[in-house]
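Heads up, the thing below is written out as structure tokens.
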Amino acid sequence: MYETIGYDIDARVLTITLNRPERLNAFTTTMCEELIHAFDCADADDDVAAIIVTGAGRAFCAGADLSAGSATFDYANRPDRQNGEGSPVRADGSVDYAHPSIRDNGGRVSMRIYQSLKPVIGVINGPAIGIGVTMTLPMDVRIAADTARFGFVFSRRGIVPEAASSWFLPRVVGISRALEWCTSGRIFSAEEAKEGGLIRSIHPAEDLLGIGQAMAREIADNAAPVSVALTRQMMWRGLSQATPMEAHRLDSKLIYARGRAADAKEGVTAFLEKRPPHYPNTVGNDMPEPYPWWEEQSFTA
């Protein structure tokens, strides 16, 4: 189905595997497009309740594929970056910064993960460098192998942080830690990543995927999918709310809407009857009327 990723569903858990092990799963334009398509498919599939993202072989993702050499980040002259839209460089040499091909591919992936209706667990099985770590920031939980290493190396490549990480990273680890890691561009250990709040926990490499699967199963087996989808968007988008009153207004609408739904009746009945719940509502058909409560903005300069 895909060239650069694996896509496997088992018991309502989707595992997306970055699958270029011979290149340490280095990120390419093809991988970008396939990841976006995979998350589109997951959102549309009510047989997917949770998503794991991991890497094949000994790395999670070693960053951008540098096989183009010094032209790696010179997107205006990279034919694989034009997406059929031509070059953003005008005839007079000036740049059209509103051109579609200006968009950072890492950011396209991060924004798609951010918009996911299914919870996402990053199972970081080895080195996660550059886009290999920034793509994990909009994931909901990150666990790592004891062999994992991390690096926000952009300043050492002459560029700047991408994948919307200037928004995500300070919210995950705080502004001081984010600046320390990004301005130095140094590689650091899983232990430092855990101490800084970047990852939840560290595990032996051979146990990591099983632990991630158990976390995903906890969601898939017990939580109402519509409630999970709404909760995920409430919390991520709530990071930009100015006051708690905004959250209160939204909470009130969604509590009212969900309280009338069949899922709420099933959740209470299953608890009282001491049995596993069987939620009838689906993300594909039963998102409540307040959703979506935000206005999506198309990309502009």
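General remarks:
- Number of the exception - residue 272 against (1) crowded, with 18+ Cβ neighbours inside 10 Å; (2) over 30 Å from residue 293 (Cα atoms); (3) outside the structural domain of residue 171 (by TED's automatic domain parsing): (1)
This table checks each residue for (1) of a type in the set (D, E, K, R); (2) touching a helix residue (DSSP H, G or I) at 6+ places or on another chain (Cβ under 7 Å); (3) closer than 16 Å to residue 43 by Cβ.
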position: 231; (1), (2), (3): no, no, yes
position: 236; (1), (2), (3): no, yes, yes
position: 240; (1), (2), (3): no, no, no
position: 244; (1), (2), (3): no, no, no
position: 258; (1), (2), (3): yes, yes, no
position: 261; (1), (2), (3): no, no, no
position: 264; (1), (2), (3): no, yes, no
position: 270; (1), (2), (3): no, no, no
position: 282; (1), (2), (3): no, yes, yes
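- Failed item, numbered, when residue 36 is tested on (1) touching a Pro at 6+ places or on another chain (Cβ under 8 Å); (2) modelled with pLDDT of 95 or more; (3) outside any loop (DSSP other than H, G, I, E, B): (1)
- Hey, residue 86 under 24 Å from residue 156 (Cα atoms), at pLDDT below 95, out of contact with any Leu (no Cβ under 6 Å at 6 or more places or on another chain) and in the same structural domain as residue 161 (by TED's automatic domain parsing) or not: no
- Residue list for region 176-201, filter: of a type in the set (A, V, I, L, M) and either closer than 19 Å to residue 139 by Cα or crowded, with 18+ Cβ neighbours inside 10 Å (or both): 178, 190, 193, 198, 199
- Counting the residues of region 45-82 that are buried (at least 17 other Cβ atoms within 10 Å of the Cβ), modelled with pLDDT under 85 and assigned to a loop (DSSP other than H, G, I, E, B) gives 2.
Table: residues versus (1) assigned to a helix (DSSP H, G or I); (2) free of Cβ contacts under 8 Å to residues at least 60 places away in the same chain.
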| residue | (1), (2) |
| --- | --- |
| 182 | yes, yes |
| 215 | yes, no |
| 220 | yes, no |
| 231 | yes, yes |
| 270 | yes, yes |
| 277 | no, yes |
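- Here 148, 164 are screened, and the one residue that is in the same structural domain as residue 124 (by TED's automatic domain parsing), under 17 Å from residue 122 (Cβ atoms) and under 13 Å from the mean Cα position of the chain (by Cα) is 164.
The values are calculated or read from the model by the stated rules, or taken from the named source; none is laboratory data. Values in this document were obtained by computation on a predicted structure and should not be read as measured data. All Cβ positions, even for glycine, are placed from backbone atoms using ideal geometry, and neighbour counts span all protein chains on display.
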